[in-house]
Amino acid sequence: MEVFYISPGKRKRLLIVLQSIMLIFLAFLVKPSSANSLQPGTCLNAEEEKLVQLVNQYRVANGLQQIPVSYSLTLVGQWHVQDLNANHPDTGTGYKDQSCNMHSWSVWKPGLWNAMCYTPDHHEAQEMWDKPRQISQGAYQGTGYEIAYSSSGQVTAEAALAGWQGSVPHRDVILEQGVWNGKNWPAMGVGLYQHYAVIWFSETSDNQGMTACRTTGGSADFTLLIPALKLLLE
């Protein structure tokens, strides 16, 4: 039997290469997929970006300014669509036995937000308005106003906007009409995941924009292996 001898220096370099391969492989495995995976606080996925673009195009076509995207409001939106999909807080009953709607929040994250059943009479409106302050832990002090959309299948940006355009109360929020006249929204956030899409609007600007968002990763970059391979070949 032939025995191969590897010098201590070679063994060390080989170990570095194997560790590099393992780290890149793990990074590849944990890469999230666009609209089918959502970690609140991440940068906008492709469908969320499309929703922002479509909403702003719709506003511009109606003589309004585009709305900057807010990290704090997007964080709220991303958490809410996660909660709606996972826990269905919009399926119960609340104040005076009225049905909960999509503005409701479950008890899933009690340290992050207050649970509430939002009913048609707006009895819990203050709880909705407070969600940006709750979820940002007070870092963002703006009041939030939400519009929501659901689909039996995978929700899309186009379907969500079309649904809101066909509903006068929701259209009024987007186009600042009716009771929303003159709001001149300086900030909005979006969340889109599986069966739900939401937009959060506020009268308070978010100076950080989306600079605080976490990137969701990309394809594994095997060029990172080049320095390690050079070590092995030395």
Residue pairs, from the table K109/K183; K96/K183; K50/K131, whose Cα atoms sit over 28 Å apart: K109/K183; K96/K183
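Let me check I have the definition right: for the range 143-219, take the eigenvalues of the Cα gyration tensor, multiply each by 5, take square roots. What are those semi-axes in whole Å, largest first?
On the way: eigenvalues 104, 83, 12 Å².
Here the semi-axes work out to 23, 20, 8 Å.
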Which of D83, D130 is most accessible, then next, and so on - probe 1.4 Å: D130, D83
Those residues of the range 124-155 whose amide nitrogen sits under 11 Å from the label point placed on L112, 7 Å along Cα→Cβ: 135-136
Sequence-distant residues sharing a close amide H with T156 (under 5 Å, placed H): none
For the range 79-93, Karplus couplings with θ = phi - 60° (6.51, -1.76, 1.60), whole Hz, Gly/Pro x: 5, 5, 5, 4, 5, 4, 6, 7, 10, 6, x, 8, 10, x, 10
J(HN,Hα) series, the range 39-51, from Karplus relation 6.51 cos²θ - 1.76 cosθ + 1.60, nearest Hz, glycine and proline x: 10, x, x, 7, 5, 4, 7, 4, 6, 5, 4, 5, 4
Projected area averaged over orientations for the range 34-173, convex hull of C-alpha atoms, nm²: 8.6 nm²
Ranked order, H103, H80, H88, H170 - accessible area, probe 1.4 Å, largest first: H88, H170, H103, H80
Solvent-accessible surface ranking, highest first, for R59, R171 at 1.4 angstrom: R171, R59
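The values are calculated or read from the model by the stated rules, or taken from the named source; none is laboratory data. This is a predicted model, so every value here is computed, not measured. Neighbour counts run over all protein chains shown; Cβ positions are idealised from the backbone, glycine included. Accessible surface is based on the protein model in full, side chains and every heavy atom, while ligands, DNA and RNA are left aside. Shrake-Rupley method; radii C 1.70, N 1.55, O 1.52, S 1.80 Å.
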